Amino acid sequence: MTMEDQDLQVILDAIHAAKTTADVQVVYDKWAANYDQNLADMGYVAPLNAVKTFAPHLPNRNARIMDAGCGTGLVGVALASLGYVNIDGVDLSPEMLAIAAKTNAYQALSSADFQDTNDIPDNSYDAAICVGVLGPVVGGELIEDLVRVVKSGGLVHFAIRSKWVDAVSHPAIERLRNAQKITVVADVRAPYMHGQDAEGAFTTLRKL
């Protein structure tokens, strides 16, 4: 294992060990400068596959989209490459947002803790997309909050590692279904990253 591999493993271990979003912010702030290259080296394809599975359901390229957990802007760049022009990015890490700003993919960028996003008004967006956020630290409550911030008829699209679906995303979807707040438009399995145990679930919900 090279020194670079060791450093990356330290970062990944710190993320998995994080207990709060504040812990996560510290890690991502430190990781920001090397984030894109590290993920490319890891074969991280979730942003591209998320946009690929999302775009067929949102033909309006002028739709107002929130990229929740935008990081350095990988999802925003992929959306912009398909002609979407009205994207706002929200992320926990100011250092990540500074890099995302350089992509010119976003109309606006802001910092937010995804466990306290009530400052984003209800029914604000035509769609929300969330990649690389949901997991052991940020749970399914985020899905419910994203449904809150999109308009009636709007879309929520998220990508999550398949191994976390049963514990994180499935219970949230069932709560929303039982409350008659959403329908499931699509649920696709595709690579989240290259390698073993790296499948992702790419799910599209429509708000009723």
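Values for this structure:
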{"read-out": "All positions within the range 148-197 that are of a type in the set (Asp, Glu) and either under 20 Å from Asn123 (Cα atoms) or at pLDDT 95 or above (or both)", "value": "Asp166, Glu174, Asp187"}
{"read-out": "Condition met for Glu144 (surrounded by fewer than 16 Cβ atoms within 10 Å (Cβ to Cβ) and either assigned by TED's automatic domain parsing to the domain that holds Val51 or more than 30 Å from Ala17 (Cα to Cα) (or both))", "value": "no"}
{"read-out": "Test: residue in the range 177-188 that is part of a strand (DSSP E or B), surrounded by 16 or more Cβ atoms within 10 Å (Cβ to Cβ) and either assigned by TED's automatic domain parsing to the domain that holds Met66 or in contact with a Ser or Thr (Cβ under 9 Å, 6 or more places away or on another chain) (or both)", "value": "yes"}
{"read-out": "From Val45, Val26, residue being under 14 Å from Gly132 (Cα atoms) and of a type outside the set (Asp, Glu)", "value": "Val45"}
{"read-out": "Residue within the range 112-128 that is modelled with pLDDT under 95 and part of a helix (DSSP H, G or I) present", "value": "no"}
{"read-out": "Residue within the range 68-81 that is over 14 Å from the mean Cα position of the chain (by Cα) and either assigned by TED's automatic domain parsing to the domain that holds Ala190 or under 23 Å from Ala22 (Cβ atoms) (or both) present", "value": "yes"}
{"read-out": "Candidates Asn86, Asn104 - the one that is at pLDDT 95 or above, among the polar types (S, T, N, Q) and on the phi < 0 side of the Ramachandran plot", "value": "Asn86"}
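The values are calculated or read from the model by the stated rules, or taken from the named source; none is laboratory data. The model shown is predicted, which means the values in this text are computed figures rather than measured ones. Neighbour counts are summed over all protein chains in view; Cβ atoms, including those assigned to glycine, are modelled from backbone coordinates with ideal geometry.
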